[in-house]
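> Before I ask anything, here is the structure I am working with.
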Amino acid sequence: MKPPRVLLVEDEGKTRDSIVEGMTLEGWQVRSAAQGLAGLQLAQAEPSDLIVLDWMLPDLDGLEVLRRIRASGRTTPVLMLTARGTLTDRLLGLDNGADDYLPKPFAFAELIARCRALLRRPNWAAGRNLQCGDLQLDTRARIAVRSGQEIRLTPREVDVLEYLMRNQGQTVTREMLERDVWKQVHRMTSLDNVIDVQMMRLRKKVDFPGVDRLIHTQRGIGYKMERLAP
């Protein structure tokens, strides 16, 4: 198996060097940049399996780098490093295509765990084309369409939507999402807040005005994808 190719964009020298050293010891291939524009150029020049992107960067901030990466059509998982920990900031990052975020300061072990989770994309074997009501998902092309309208989704949102559609009609708990989509089981802190934020954004995109609701909250438990009878 080839080692993961990771692009790190971090302007703080000691932090960048420490992360590069640690990831290299993990056996990963790491390229790094200290500025946003340089990071964007590296992202566009060669494919990566994962991008670790600091929010606060000189010349071009991480959020703009992320926007441009997604606008180019790249679906590479992106983990954002940020000192901006408010819910509004997290929503902003997720809405612009981030797959996960890690507040600073952080433990290197948690950074590696989150990176591993993003590198292990769900790979459910059965069925390329999924459907629930008028919602269709091509799992190979990773394209969702509803009522003839393509839905722009982040890579993480596609993973979650696929999991819900493969389990439609059944309650999907947050623990199931944490285990099977985020691939994280042993954590000191819960992922419930991250999952709920992702679900809120996904539902807003999938259940847009004028269509029947497909994603339903199971209060205190999780979520269910189901087309209810009129």
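> Using only the Cα atoms, what convex hull volume per residue in Å³ does region 5-119 have?
88
> Would you mind checking the tilt of helix 192-206 against the longest principal axis of the Cα atoms of the chain, expressed as 0 to 90 degrees and rounded to 10?
Around 60 degrees separate the two axes.
> For the chain, take the longest principal axis of its alpha carbons; what is the angle in degrees between that and the long axis of helix 36-45, to the nearest 10 within 0 to 90?
Approximately 70 degrees, to the nearest 10.
> Now for a separate question. Starting from the Cα of LYS224, draw a straight line to each of the lysines and keep only those under 18 Å, dropping any in the same chain fewer than 8 residues away.
LYS224 reaches LYS204, LYS205.
> Would you mind ranking ILE143, ILE151, ILE19 by Cβ crowding within 10 Å, fewest neighbours first?
Taking fewest neighbouring Cβ atoms as first place, the list is ILE143, ILE151, ILE19.
> With a point put 7 Å past each Cα toward its Cβ, work out how far GLU12 is from GLU175 in nm, to one decimal.
Each label point lies 7 Å from its Cα, and together they span 3.6 nm.
> Farthest toward the dipole's positive end in the chain, which of TRP55, GLY97, GLY210, given Cβ charges of +1 (Lys, Arg) and -1 (Asp, Glu) about the Cα centre?
Positive-most Cα among the choices belongs to GLY210.
> Nearest 10 degrees, 0 to 90: what angle lies between the long axis of helix 62-71 and the longest principal axis of the chain (Cα atoms)?
Result, in degrees: 50.
> Take the Cα radius of gyration of the chain and divide it by 2.2 N^0.38 Å, with N its residue count; two decimals is plenty.
1.02
> Okay, next question. Per DSSP H run of at least 4 residues, take -39500 (n - 2.57); add these up for the chain, divide by its residues and hand me the 222 nm value, nearest 500 deg cm²/dmol.
-11500 deg cm²/dmol
Coordinate-derived values only; no laboratory data. Nothing here was measured: the structure is a model prediction, and the numbers come from that model. Note: ideal-geometry Cβ built from the backbone for every residue, glycine included; neighbour counts use all protein chains shown.
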